[in-house]
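**Q** Structure provided below as structure tokens; questions to follow.
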Amino acid sequence: MIALAAFEEIIDASGAAARIEAMLPIGVRPRQLKVRTLLAGMCLAAADHRPAHLTRVHQALAALGEDDQRRLGVIADWKDGPHQLTYRQTERTFGLVADALGKDEPDGLPSGPLQRVCDDLLEASIPGEFKNGSTSLAVDWTDMESFSRPPPARGGDCADPEAWWGHRKNNLLRSQDELFYGYYLSAGIMMRDEGGPAVPELARRATVSSCRHDPVRAFTPVLTALPAAGIGLGDILDDSGYAHRDAGAWAIPLRAAGAALVQDLHPHDRGPKGTHHGAIIANGNLYCPATPRPLLELGPLARAATSQQTADHDHKTSELARYKLGRLTADDADGYHRVACPAVTGKIRCPLRPSSMTLDRSRPEILQPPENPQACCAQQTITVPPEVNAKTRQKHDYPSAAWRRSYARRTGAERGFASAKDPATNDISRGWCRLMGPAPLMLFTTALLITRNQRILAAWNARQHDNARRAAAGLPPKTRKRRRRPLASLAAGPP
């Protein structure tokens, strides 16, 4: 059980309770339940593996010791004597908070004040020693089904009109997506930087949006607001569901905010996709017109690839890099930059560049140069406008070994959702929260992620303490046990 003091420290550090209190109406008599106590009760309910029900929040507060109840106002002195908080008072305060943070015209997206409050609460749950430990985030979205039944097929209203039909993966044998009625939960999980130290995989940002809205477009402004909050934006690790969106929805805003994309390209975006001044546009880069077609059509390495297949794939991607036009300048204020022919930069031998023919023969040689050379072959450099490769350009050449190692960190997003949706802790399937609308769902989801961060920190600190103890004893760090035994190990065992 996570201590109450930890949640109180997070709530006070965020300043969210005071801001929400200032937004609430002033009644005839003061409310017994303050916003600070309500938020602490929501976190306590999540920490005790309880569903996101207001009755459970009331029970968590009523189960505290008498001293804590009096300090938090759960027990107050009335003219008739001590009075313990009732469920009706819990429901009343939460309703006022949800109304204050909601929108006058609901549209299935969180309001600005609601998003900022949840951002501040999540940020406050990250200890100071880890705030600048990493700037990389693994992002993804998952389903969050509404408690409401869908609207009737013949038309009509339902209990949660802001929710909508969405798609989610299933564990069945068929490959079709499954329909559900509800919301998308998007989250960004902290991952270690390339070459940086390991960090606990804490949820740093999250949002809830109706399925009638694109979850990528709903999460983009949450991430691009990080630099304004004084938080560096580094590598953004995302799958093809993000990379396949149009550049204006994802790639361009994040690059403008200072992010470096590390993403898997959608099959429709892989391979040659036109030319620019004669250079072939492929996989986010520009390549020589004489690049062998099989190299341009390389895809990502299969998960079950053998060591020999991995070595062959890495050799082909390194060979492809020789044909890439070299970047000479960074983007200017308008997003333009200049690149040079690979023969000019000494990576290949080409008869159209006589100086390159003096290079040693370990470099690839263009045997049949274009009969009518275009600008990329006739000029020393060419200018690349921002719309070229705007969607597919990323930090590492796709699908090189460097890209594969960097992209492997994206699995942190899957682990983040797995820990948040673990039935042994808080199962956020239908019925987990019976309140409807983005405001109640997002407040309870933020409380769950705060609790999840505290569990991750506790496990991280215990592991670091154990590693230090083993190091002091001259023992190596403890490795994770293999949970699956392959058939080969069973066959090699004794009869």
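The values are calculated or read from the model by the stated rules, or taken from the named source; none is laboratory data. Everything quoted here is computed from the prediction, not taken from an experiment. Methodologically, a virtual Cβ is constructed for each residue, glycine included, from the backbone with ideal geometry; neighbour enumeration extends over all protein chains shown. For the accessible areas, the whole protein counts, side chains as well, though only heavy atoms, and no ligand, DNA or RNA atoms are used. Shrake-Rupley method; radii C 1.70, N 1.55, O 1.52, S 1.80 Å.
**Q** Can you tell which of E9, E66, E91, E105 is open to solvent by 60 Å² or more (accessible area, probe 1.4 Å), of a type in the set (D, E), out of contact with any Pro (no Cβ under 9 Å at 6 or more places or on another chain) and under 24 Å from P221 (Cβ atoms)?
**A** E105
**Q** Kindly indicate the residue of the stretch 299-324 that is in contact with a Pro (Cβ under 6 Å, 6 or more places away or on another chain) and not charged (D, E, K, R) and also least open to solvent (accessible area, probe 1.4 Å) among those meeting that condition.
**A** The qualifying residue least open to solvent (accessible area, probe 1.4 Å) is Y323.
**Q** Take the stretch 340-392 and flag every residue that is in contact with a helix residue (DSSP H, G or I) (Cβ under 6 Å, 6 or more places away or on another chain), within 28 Å of D264 (Cβ to Cβ) and among the charged types (D, E, K, R).
**A** Scanning the stretch 340-392 gives K347, K391.
**Q** Checking the structure you have, find out if any residue of the stretch 406-419 is more than 22 Å from L320 (Cα to Cα), at pLDDT below 90 and of a type in the set (V, I, T).
**A** no
Listed here are the residues, each with its yes/no results for (1) of a type outside the set (K, R); (2) under 23 Å from S111 (Cβ atoms); (3) at pLDDT below 95; (4) in contact with a His (Cβ under 9 Å, 6 or more places away or on another chain).
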position	(1), (2), (3), (4)
R204	no, yes, no, no
S210	yes, yes, no, no
P215	yes, yes, no, no
F219	yes, yes, no, no
L226	yes, yes, no, no
I236	yes, no, no, no
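**Q** Identify, by number, the condition in (1) within 23 Å of P51 (Cα to Cα); (2) assigned to a loop (DSSP other than H, G, I, E, B); (3) of a type in the set (D, E, K, R) that D119 doesn't meet.
**A** (2)
**Q** Still on this structure, please answer the following. Considering each residue of the stretch 13-33, count those that are open to solvent by 10 Å² or more (accessible area, probe 1.4 Å), in contact (Cβ under 8 Å) with a residue 40 or more places away in the chain and at negative phi, and give that number.
**A** 8
**Q** Tell me which of these D360 doesn't satisfy, since it passes every other one: (1) assigned to a loop (DSSP other than H, G, I, E, B); (2) within 30 Å of F94 (Cα to Cα).
**A** Here D360 clears every test but (2).
**Q** Is there any pair linking a residue in the stretch 446-460 that is under 22 Å from A17 (Cβ atoms) and open to solvent by 30 Å² or more (accessible area, probe 1.4 Å) to one that is assigned to a helix (DSSP H, G or I) and of a type in the set (A, V, I, L, M, F, W, C), with Cβ under 7 Å and at least six apart or on different chains, and which?
**A** Within 7 Å, the pairs are Q454/A6.
**Q** Also, I was wondering about something else. Can you find even one residue in the stretch 420-443 that is within 22 Å of L202 (Cα to Cα), at pLDDT 90 or above and open to solvent by 60 Å² or more (accessible area, probe 1.4 Å)?
**A** no
**Q** If you take the residues in the stretch 251-278 that are without any contact (Cβ under 8 Å) to a residue 40 or more places away in the chain and under 17 Å from D140 (Cβ atoms), which one is surrounded by the fewest Cβ atoms within 10 Å (Cβ to Cβ)?
**A** H266
**Q** For the stretch 361-385, how many residues are within 30 Å of G258 (Cα to Cα) and open to solvent by 40 Å² or more (accessible area, probe 1.4 Å)?
**A** Pass one, the stretch 361-385, residues within 30 Å of G258 (Cα to Cα): 376, 380-385.
Checking the rest, the ones that are also open to solvent by 40 Å² or more (accessible area, probe 1.4 Å) come to 380, 383.
Total meeting the criteria: 2.
**Q** Out of everything in the stretch 163-177 that is assigned to a strand (DSSP E or B) and in contact with an Asp or Glu (Cβ under 9 Å, 6 or more places away or on another chain), what residue ends up being surrounded by the most Cβ atoms within 10 Å (Cβ to Cβ)?
**A** G166
**Q** Something else about it: Tell me, which residue of the stretch 461-495 that is among the polar types (S, T, N, Q) and open to solvent by less than 70 Å² (accessible area, probe 1.4 Å) is modelled with the lowest pLDDT?
**A** S489
**Q** Continuing with this model, one more query. Could you list, in sequence order, the residues of the stretch 25-43 that are touching a helix residue (DSSP H, G or I) at 6+ places or on another chain (Cβ under 8 Å) and over 15 Å from G73 (Cβ atoms)?
**A** P25, M42, C43
**Q** Please go through the stretch 418-452 and pick out each residue that is within 26 Å of P161 (Cα to Cα), out of contact with any helix residue (DSSP H, G or I) (no Cβ under 9 Å at 6 or more places or on another chain) and assigned to a helix (DSSP H, G or I).
**A** L441
**Q** Sticking with this structure for a sec: Go over the candidates A163, A153 one by one and state the one that is in contact (Cβ under 8 Å) with a residue 40 or more places away in the chain and among the aliphatic types (A, V, I, L, M).
**A** Being in contact (Cβ under 8 Å) with a residue 40 or more places away in the chain and among the aliphatic types (A, V, I, L, M) holds for just one of A163, A153, which is A163.
**Q** Just for the stretch 391-417: of the residues that are more than 30 Å from A447 (Cα to Cα) and part of a helix (DSSP H, G or I), which one is most open to solvent (accessible area, probe 1.4 Å)?
**A** It comes out as R405.
**Q** Kindly indicate whether L96 is open to solvent by less than 70 Å² (accessible area, probe 1.4 Å), more than 28 Å from the chain's Cα centre (by Cα) and not basic (K, R).
**A** On the way: open to solvent by less than 70 Å² (accessible area, probe 1.4 Å): yes; more than 28 Å from the chain's Cα centre (by Cα): yes; not basic (K, R): yes.
Yes; evaluated as a whole, the condition is true for this residue.
**Q** Let me ask something else about it. Which condition number does P200 fail, the rest of (1) open to solvent by less than 10 Å² (accessible area, probe 1.4 Å); (2) closer than 22 Å to E123 by Cβ; (3) outside any loop (DSSP other than H, G, I, E, B) being met?
**A** (3)
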